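**Q** Starting off with a structure, shown below.
Throughout, read-outs are computed from the coordinates displayed, never taken from laboratory work. Nothing here was measured: the structure is a model prediction, and the numbers come from that model. Positions of Cβ are generated from backbone atoms using ideal geometry, with glycine treated the same way; all protein chains shown enter the neighbour counts.
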Amino acid sequence: MQIGEQNQAAAVRAAQSALWRSVVCRFRELEHASALKQADLARRLGVSRPQIHEWLSDPQNMTIKAAGRLLLAMDSSLSCTAEVPDVTSKNERSADGPRLSNRRRGWLEEYERQS
């Protein structure tokens, strides 16, 4: 069975969105815990602050390379798990990746409002 282009594109968007959420949530954690700023990340990576903002402001800007660089600058790492979907609860799953804890969801929502 061949997987259609729309389903492939949706899977890519979901993975990219999950990656973006993980990096942004880690940034928010460090921002609250140690007053980390986008300018700090920019200085550590030798890029402009607007570049950091671009990566953190939209899931479509978050490439694997950008995520790796940002995580390095935050002295953090990422673990990834692939799961077999439960077909009985297909309608309950998020269309754009894994569910977030309430704390992480709040940080992400706050960050998106500020961007």
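**Q** I need the full set of residues from segment 22-57 which are over 15 Å from Met74 (Cα atoms) and assigned to a helix (DSSP H, G or I), in order please.
**A** To start, the set of residues in segment 22-57 that are over 15 Å from Met74 (Cα atoms) comprises 48, 50-51, 54, 57.
If the condition is that a residue be over 15 Å from Met74 (Cα atoms) and assigned to a helix (DSSP H, G or I), then Pro50, Gln51, Glu54, Ser57 are the ones that fit.
**Q** If Ala35 passes every condition in (1) at positive phi; (2) of a type in the set (A, V, I, L, M); (3) surrounded by 13 or more Cβ atoms within 10 Å (Cβ to Cβ) but one, which one does it miss?
**A** Unmet condition: (3).
**Q** Then there is this: Quick one: count up the residues across segment 27-57 that are closer than 21 Å to Arg113 by Cβ and over 9 Å from the mean Cα position of the chain (by Cα).
**A** Step one: list which residues in segment 27-57 are closer than 21 Å to Arg113 by Cβ, which gives 27-33, 35-39, 41, 49-50, 52-57.
Okay, now just the ones that are also over 9 Å from the mean Cα position of the chain (by Cα), so 27-33, 35-39, 41, 49-50, 52-55, 57.
Number satisfying all stated conditions: 20.
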